[in-house]
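The values are calculated or read from the model by the stated rules, or taken from the named source; none is laboratory data. None of the values given here were measured: they were computed from a predicted structure. Virtual Cβ from ideal backbone geometry, glycine too; neighbours counted across all protein chains shown.
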Amino acid sequence: MPATESVAFEAFLSGIGNKDRQNIQRHLAAVDAEAGPAHGRLWRRFAVTLRKLAPLAVQTVAQQAVQFFVADGKYRMQVFTLEDKRDGMLQVYLPDVLDAAFRAKILAKPAKRAATAASRSKPANGIPLGAPPDAPAGVVAIEYPIVAKAGESLRIEALDNHNSPEPPPHVRHMLGWNRKALRISLSANGSPTQAAAVEALCELAAKAWAESAATK
C-alpha cells in the first residue's frame, strides 16, 4: 500500500474500539489473502472516504459490514454502510440522493425502456433479476449511466420501509421516519469511474445533512 494510502487508512482506524478494529483487520486479512489487491484497495478507499464524511467512530456488524455515523444533536445518526460478503461484490448504502445526482450530472436517468424492463423482470421467487440475492421482494436494481464516462453505470436499488420492511441490522436505522436509502452494488474490481461516482454520491449526501444541520 502506498505511504499516503497507509496514512489515510490509519486515520480511518483512529478512535475505533478494539472489537470493531479487530473485525476490520480480520476481514481485510481474509480479503487480501483470497482476492487480488484491487478488492482490498477499493474497500479501504471507500472506508476512508466514508469516515471523512461521517467522522464519528464506526461500528461493525461481524466482519461483513461497517456502519458510519454523524452527530445528530446529542445523539448519533447512521448515514452509511459499507458491506462486503467476500463474494466479489461491495455494497455501499447511503441516503437517497438520486434527484440531486441527476441535477449535479453525476448520474443520468436510465432509458425508460430499460427501467420498465427492470421493474417487470422478476423470477418465480419475486426478487427482481439483477438484484443481489438477499434483496427483498419489490426492490428493483436499476443501472444508472455515469455521466462522466459513456458506457459505465452504477447498479442501484432504492430502499424504504415499504419495500424493505425487515432490513438487516446494518441498514435498519437508515430507513423509517421518512428516511430512504440507496444500495449501490459494484464489483470489488470496480472501475475508477464507478468508485469516483460512488464517492460523489456520498458527498452529495453529506452536503445535504450539513445544510440541514445549519438551519436548525
Restricting to region 160-211, name every residue that is touching a residue at least 40 places away in the same chain (Cβ under 8 Å) and aromatic (Phe, Trp, Tyr).
Trp209
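Per-residue answers, yes or no, for (1) in contact with a helix residue (DSSP H, G or I) (Cβ under 7 Å, 6 or more places away or on another chain); (2) closer than 18 Å to Leu42 by Cα; (3) not in a strand (DSSP E or B):
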position: Ala148; (1), (2), (3): yes, no, yes
position: Pro165; (1), (2), (3): no, no, yes
position: His170; (1), (2), (3): no, no, yes
position: Met174; (1), (2), (3): no, no, yes
position: Arg183; (1), (2), (3): no, yes, no
position: Leu186; (1), (2), (3): yes, yes, no
position: Gly190; (1), (2), (3): yes, yes, yes
position: Thr193; (1), (2), (3): no, yes, yes
position: Ala196; (1), (2), (3): no, yes, yes
Determine whether region 63-72 contains at least one residue that is in a helix (DSSP H, G or I) and either free of Cβ contacts under 8 Å to residues at least 24 places away in the same chain or crowded, with 18+ Cβ neighbours inside 10 Å (or both).
no
Can you name the number of the only condition in (1) over 18 Å from Leu186 (Cβ atoms); (2) in a loop (DSSP other than H, G, I, E, B) that Arg86 fails?
(1)
Out of Val48, Val31, Val7, which single residue is of a type in the set (A, V, I, L, M), within 27 Å of Arg179 (Cβ to Cβ), out of contact with any strand residue (DSSP E or B) (no Cβ under 7 Å at 6 or more places or on another chain) and part of a helix (DSSP H, G or I)?
Val48
Only one of these conditions is not met by Ala210: (1) more than 12 Å from the chain's Cα centre (by Cα); (2) part of a helix (DSSP H, G or I); (3) modelled with pLDDT of 90 or more; (4) among the aliphatic types (A, V, I, L, M). Which number is it?
(3)
Test Leu56 against the criterion of being at pLDDT 90 or above, assigned to a loop (DSSP other than H, G, I, E, B) and in contact with a Phe, Trp or Tyr (Cβ under 7 Å, 6 or more places away or on another chain), and give yes or no.
yes
Within region 13-28, which residues are in a helix (DSSP H, G or I), more than 18 Å from Ser187 (Cβ to Cβ) and touching a residue at least 40 places away in the same chain (Cβ under 8 Å)?
Lys19, Asp20, Asn23, Ile24
